[in-house]
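Visitor: Dropping the structure in here first, questions after.
The values are calculated or read from the model by the stated rules, or taken from the named source; none is laboratory data. What you see is a predicted model, and the numbers here were worked out from it, not measured in a lab. Ideal geometry is used to build each Cβ from the backbone, glycine not excepted, and the neighbour counts take in all protein chains shown. The area values use the complete protein model at the heavy-atom level, side chains included, leaving out ligands, DNA and RNA. Shrake-Rupley method; radii C 1.70, N 1.55, O 1.52, S 1.80 Å.
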Amino acid sequence: MRSHADSNTPSDVDVVIVGAGFAGLYMLHRMRGLGLRARILERAGDVGGTWYWNRYPGARCDIESIDYSYSFDEQLTHEWRWTERYAAQPEILSYIGHAADRFDLRRDITFGTTVTSAHWDDETTAWTLTCDTGAALRATYCVMATGCLSVAKQPDMPGLSDFTGRWFHTGRWPHEPVDFSGQRVAVVGTGSSGIQAIPRIAEAADFVHVLQRTPNYSMPAQNRPLTPDEFDTAISDFAVRRRICQESDAGVPHPPPTQSTFEVTPEAREHRYEEGWQRGGINALSAAFTDFFTDEEANRVAQDFVRRKIHEIVSDTRTADLLCPHHHIGTKRTCVDTGYFATYNRDNVELIDLRTQPIERVTPRGLQLAGRHVDVNAIVFAIGFDAITGALADIDIRGVDGVELHDVWAHGPRTLLGLQTAGFPNLFMVTGPGSPSVLSNMLISIEQHVDWITDCLEHLNASGVDRIEATEDAQDQWMDHVAALAADTLYPQATSWYLGANIPGKPRTFMPYVAGCGQYRRECEQVVADGYAGFRLGHPSRVGGGNRP
Ligand code: FAD
Ligand code: N01
């Protein structure tokens, strides 16, 4: 493909990519494959994204590693051997580093650089990105591979600056090991991060106070080492396995359910749930019946099953009661744990209910709750992220006529396919709002988006144009479609980060596309088959639409 460097455009590169996680790295690889000049700008000191930042004890994936990995290069698939069913953070980070080395990606990455603004110039058909280092880069195309869970929610408790111990955020964990031995530790938050970290911190610390606001559903990981035979069998037909993931709803290689909850006897239901629990993993229960996410009564049967399990595992009844969630299961991200509920049987762990004893302030020696002071040496905030839109909101993005993305998204994000926003030509998002993203195995969604964008740029080149923009009409239709799909499920009923409900002041819009990876892929393919229907190709005010000399 012809690089724009050859056509005297003022761009420094053809494609600038923000972010060097799974998405940005694969994007860079594909851009090179097209013969384009591409560069990644990355805040972190190295590659890895999520797996660079989230180094807390217990961090590991909740999609099986064989599936939570790249599929674009057969040799890469065969030369990397996952050691566990769900690999831990250091192994995933090594894998990403290995991929970066294998394809020599680091030479086109600028690390330690935060992009602060991205401004479009319609005259020159170029984005100019500026960075906190003062550097600027011009590019014809800009790909935001900034991550759905990359902006850690800041603890805003009064008094934190006076705390004399150490405090940590799971999403910004230090690189050097943190030694909790002999320490009294408070962990705030019981989402996926807290639920993974708490058992490990409890093994190391003198005492752990878990400060819980909302209990969560968690499935046992049933993690174990992968035997060489098991691994070889799984990857021997990897292409087929991957295809099944791509066609599935959640991006995993399991057969979809065929029966609804009340089609079977109570005994058969219990049996199926028990089987799922023993198999473990994020879809242990949700894959059992077709109406799990849509029927309140069906969902309640699964909730009851988990609440019974919690009571079986946790010996203190009051603690077990507090740990029992009451929202619709699955409507907040289901957690996956190793020994989480059993941790509350330890003598050195106490569960504190923030609903009855809210945090009033942080003091020099710990946390002042309503009616009680908790003395600690360390606080771990496992309080989550400004999800899906947070990283984009942190950048001053301006499109045609200087229109600001902040304003366009003031009442919630608006996109076409989660790939582009009208008024922001040549700006692509990987796993943006309005796509399956966080409701799927992210590797399936990332590869699909990167492939779609790559094919799109190839098509533009073949058509002699270098500008593409979502139309308002198509975007409106897509957003209505995304909202209508979500409204047919139980998802919008939960106060979840899927809705932006965890960030004060954030508009509440259910952001992901719920109809699954397979259906979404078909929608994207149809848009291409219809000649990029819903996108305007070429410059609207130029004859023929093209910008090339
Ligand atoms: P990221 O990995 O988030 O990378 C984005 C990068 O962009 C970051 O390195 C960030 O520093 C950089 N960046 C952002 N803004 C800027 C800026 N302004 N300037 C410069 N750089 C910037 N998903 C699953 O499917 N399965 C799992 O098992 C799973 N486990 C997870 C476990 C944890 C602890 C967390 C937090 C998330 C998990 N996820 C999981 C979701 C995970 O985020 C994705 O799977 C995937 O890693 C995202 O890759 P990415 O490249 O899109 O984004
Ligand atoms: O964040 P969360 P997370 N005071 O937002 C509480 C992925 N991930 O980092 O529910 C007190 O889920 C908050 O309480 P409430 C995965 O997609 C995957 O755990 O708002 N408490 C909640 O309990 C996941 O969903 C893995 O009432 C406060 C918790 O903090 C996503 O990342 C591992 C509070 C935040 O939970 C985010 O997970 C880790 C406050 N001010 C992450 N603010 C895997 O297992 C928030 N909370 C693969």
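Visitor: Output the residues belonging to segment 223-271 that are more than 16 Å from ligand 1 (Cβ to nearest atom), β-branched (Val, Ile, Thr), open to solvent by less than 40 Å² (accessible area, probe 1.4 Å) and closer than 21 Å to Arg85 by Cβ.
Guide: Result: Ile235, single match.
Visitor: Same structure again: Could we say that Leu439 is under 22 Å from the mean Cα position of the chain (by Cα) and within 16 Å of ligand 1 (Cβ to nearest atom) here?
Guide: Details: under 22 Å from the mean Cα position of the chain (by Cα): yes; within 16 Å of ligand 1 (Cβ to nearest atom): yes.
When the stated conditions are applied, Leu439 passes them.
Visitor: Inside segment 94-148, can you point out the residues that are out of contact with any Leu (no Cβ under 7 Å at 6 or more places or on another chain), more than 22 Å from Leu457 (Cβ to Cβ) and part of a loop (DSSP other than H, G, I, E, B)?
Guide: Listed by number, the residues that qualify are Phe111, Gly112, Thr114, Asp132, Thr133, Gly134, Ala135, Cys148.
Visitor: If you don't mind, there's one more thing I want to ask. Within segment 116-126, can you find the residues that are open to solvent by 10 Å² or more (accessible area, probe 1.4 Å) and touching a strand residue (DSSP E or B) at 6+ places or on another chain (Cβ under 9 Å)? Full working, then the answer.
Guide: Taking segment 116-126 first, the residues open to solvent by 10 Å² or more (accessible area, probe 1.4 Å) are 116-117, 119-124.
Selection gives Thr116, Ser117, His119, Trp120, Asp121, Thr124.
Visitor: Name the pairs: first residue in segment 62-77 and over 17 Å from Ala88 (Cα atoms), second residue open to solvent by 20 Å² or more (accessible area, probe 1.4 Å) and within 14 Å of ligand 1 (Cβ to nearest atom), Cβ to Cβ under 7 Å, at least 6 apart or on different chains?
Guide: Pairs that qualify, where the first residue is over 17 Å from Ala88 (Cα atoms) and the partner is open to solvent by 20 Å² or more (accessible area, probe 1.4 Å) and within 14 Å of ligand 1 (Cβ to nearest atom), are Thr77/Ser71.
Visitor: Being in contact (Cβ under 8 Å) with a residue 60 or more places away in the chain and among the hydroxyl-bearing types (Ser, Thr, Tyr) is the filter here; which residues of segment 266-294 pass it?
Guide: Residue satisfying the conditions is Thr294 alone.
Visitor: Also, I was wondering about something else. Anything in segment 197-207 that is open to solvent by less than 30 Å² (accessible area, probe 1.4 Å) and either within 16 Å of ligand 1 (Cβ to nearest atom) or part of a loop (DSSP other than H, G, I, E, B) (or both)? List them, or say none.
Guide: Residues of segment 197-207 open to solvent by less than 30 Å² (accessible area, probe 1.4 Å): 197-199, 201-202, 205.
Ala197, Ile198, Pro199, Ile201, Ala205 - these are the residues of segment 197-207 that are open to solvent by less than 30 Å² (accessible area, probe 1.4 Å) and either within 16 Å of ligand 1 (Cβ to nearest atom) or part of a loop (DSSP other than H, G, I, E, B) (or both).
Visitor: Please verify whether Ala139 is out of contact with any His (no Cβ under 7 Å at 6 or more places or on another chain), assigned by TED's automatic domain parsing to the domain that holds Ala391 and crowded, with 21+ Cβ neighbours inside 10 Å, treating the condition exactly as stated.
Guide: Details: out of contact with any His (no Cβ under 7 Å at 6 or more places or on another chain): yes; assigned by TED's automatic domain parsing to the domain that holds Ala391: yes; crowded, with 21+ Cβ neighbours inside 10 Å: yes.
Taking the combined requirement at face value, the residue satisfies it.
Visitor: Further, regarding this structure: Could you go through segment 517-537 and let me know if any residue there is open to solvent by 20 Å² or more (accessible area, probe 1.4 Å), under 30 Å from Gly384 (Cβ atoms) and touching a Leu at 6+ places or on another chain (Cβ under 8 Å).
Guide: Checked segment 517-537: at least one residue is open to solvent by 20 Å² or more (accessible area, probe 1.4 Å), under 30 Å from Gly384 (Cβ atoms) and touching a Leu at 6+ places or on another chain (Cβ under 8 Å).
Visitor: Can you pull out every residue in segment 372-391 that is more than 14 Å from ligand 2 (Cβ to nearest atom) and not small (Gly, Ala, Ser)?
Guide: Of segment 372-391, the ones more than 14 Å from ligand 2 (Cβ to nearest atom) are 372-373, 375-378, 389.
Hits for segment 372-391 are Arg372, His373, Asp375, Val376, Asn377, Thr389.
Table: residues versus (1) closer than 21 Å to Cys61 by Cα; (2) within 16 Å of ligand 2 (Cβ to nearest atom).
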site: Glu203; (1), (2): yes, no
site: Ala221; (1), (2): yes, yes
site: Phe231; (1), (2): yes, no
site: Phe238; (1), (2): yes, no
site: Gln259; (1), (2): no, no
site: Glu267; (1), (2): no, no
site: Gly276; (1), (2): yes, no
